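Below is one structure; the comments refer to it alone.
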Amino acid sequence: MSPRPDRDATAILQGTLDMLVLQALQLEPMHGWGITERIEQWSEDVLCVGQGTLYPALYRLERQGLITSAWHTTENNRRARYYSLTRTGRTHLAHEIKDWQRMSRAINLVLAAAGA
C-alpha cells in the first residue's frame, strides 16, 4: 500500500499559485475562502491553499493589476473583500496556461522516455 501524502503537507508547485488563483476568479468574483474552496474542489482535494499563502498572492496580483478587490456582503450577511479578474489578468492567465501546458508536456515526455 502506497503512503498517502499528508493533506497539510501537499504543497502547490512553486510558481503555480498565481495561475490557480486567476483561474479560480475567471468565472466570477469571489472572496478568499471561496477561492481556496474552488481550488480544492477542482483539484479533488489534492491542492490545499492556506490563508497564509493565499492572501500574499492576492495582494501581489492586485499590485500587478491582474485583479481588483472591493468590499461586499456575503450570502451569510458578512462583509468580505471580493476579488475580480481584470482584462490584463485574463490575458496574463491565457499566457500562463499556454506556458504551463508546454512545460508539463515537456516533463511528461521526459518521464515517458525514462520509463517512469
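The values are calculated or read from the model by the stated rules, or taken from the named source; none is laboratory data. Just so we're clear, the structure is a prediction, and the values are computed from it rather than from any experiment.
Scanning the range 23-65 for residues that are over 10 Å from the mean Cα position of the chain (by Cα) and among the basic types (Lys, Arg) yields a count of 2.
Note on the range 83-116: among residues that are polar (S, T, N, Q) and modelled with pLDDT of 95 or more, the one that is nearest to Pro56 (Cα to Cα) is Ser84.
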